[in-house]
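The values are calculated or read from the model by the stated rules, or taken from the named source; none is laboratory data. The shown structure was predicted, so the numbers you read here are calculated from the model rather than taken from an experiment. All Cβ positions, even for glycine, are placed from backbone atoms using ideal geometry, and neighbour counts span all protein chains on display. Areas reflect the complete protein model, heavy atoms only, side chains present, ligands, DNA and RNA absent. Shrake-Rupley method; radii C 1.70, N 1.55, O 1.52, S 1.80 Å.
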Amino acid sequence: MISVPYYFFCLHFNSCMREHFRKIDIRKPNFLLCMDFETAISSRRIHQENFSINKLRDLDNGDTLKALETVLNILKKYNQTITFFVVFKLEKIFPGIIRKILSHGHEVGWHGYSHSFLMDKFILNKELDESYSLIKKYNIQGFQAPNITFFRAGYPLLKEYGLRYSSSIYGNSSNLYNIDGILGKRSHGFDPFG
């Protein structure tokens, strides 16, 4: 077995790679990266306003698509692939955004529909229902909790909707728990599962 140095970066300080291990050049250090793809128009405050899709596009002023293009170009320049954990409402606002990410060889994971706090089964089920057609269409496998918050009873529901792994591990990863085949974590006295 060859030991290769890895550097893990992610918006919420977690590591979350699956397919990327196949593309590693063992002659140099590798950077494994995932990104939560969310914008100001996917914030809870904006979501509560119930703006039309056209109004959300106007508020965005093209920033989301510009940011995505910039990130995709940088990753292409350095021949890197990552996992984008996407707020799925962005696909409704900017149709084709998920397909575009996938077409560049990246993985897409689910980061909720509206970036709501996923604190109970009712909210989680609503978010999953809103996203299910896209989860199925694009064979989405991964999940990362919005707002660094999740609850233990939610993992079986994620599995019912076809999600196979959770990247919702923050901080010290030495305290991992396997919940029905999906990893979760207890951290710093706060129990995200309880």
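Of note:
- Close pairs from segment 55-76: first under 13 Å from Glu38 (Cα atoms) and charged (D, E, K, R), partner assigned to a helix (DSSP H, G or I) and open to solvent by less than 90 Å² (accessible area, probe 1.4 Å), Cβ under 6 Å, at least 6 apart: Asp60/Ile41
- Residues of segment 38-55 that are of a type in the set (D, E, K, R) and either outside any loop (DSSP other than H, G, I, E, B) or surrounded by fewer than 17 Cβ atoms within 10 Å (Cβ to Cβ) (or both): Arg44, Arg45, Glu49, Lys55.
- Conditions (1) modelled with pLDDT under 90; (2) over 23 Å from Asn139 (Cβ atoms); (3) open to solvent by 70 Å² or more (accessible area, probe 1.4 Å); (4) not in a strand (DSSP E or B): number failed by Phe21: (2)
- Selection within segment 25-37 - in a strand (DSSP E or B) and either at pLDDT below 85 or of a type in the set (Val, Ile, Thr) (or both): Asn30, Phe31, Leu32, Leu33, Cys34
- Residue, surrounded by the most Cβ atoms within 10 Å (Cβ to Cβ), within segment 97-150, restricted to residues that are part of a helix (DSSP H, G or I) and among the polar types (S, T, N, Q): Ser131
- Number of the condition not met by Ser168 [criteria: (1) of a type in the set (S, T, N, Q); (2) within 18 Å of Phe85 (Cβ to Cβ); (3) at pLDDT 90 or above; (4) surrounded by 13 or more Cβ atoms within 10 Å (Cβ to Cβ)]: (3)
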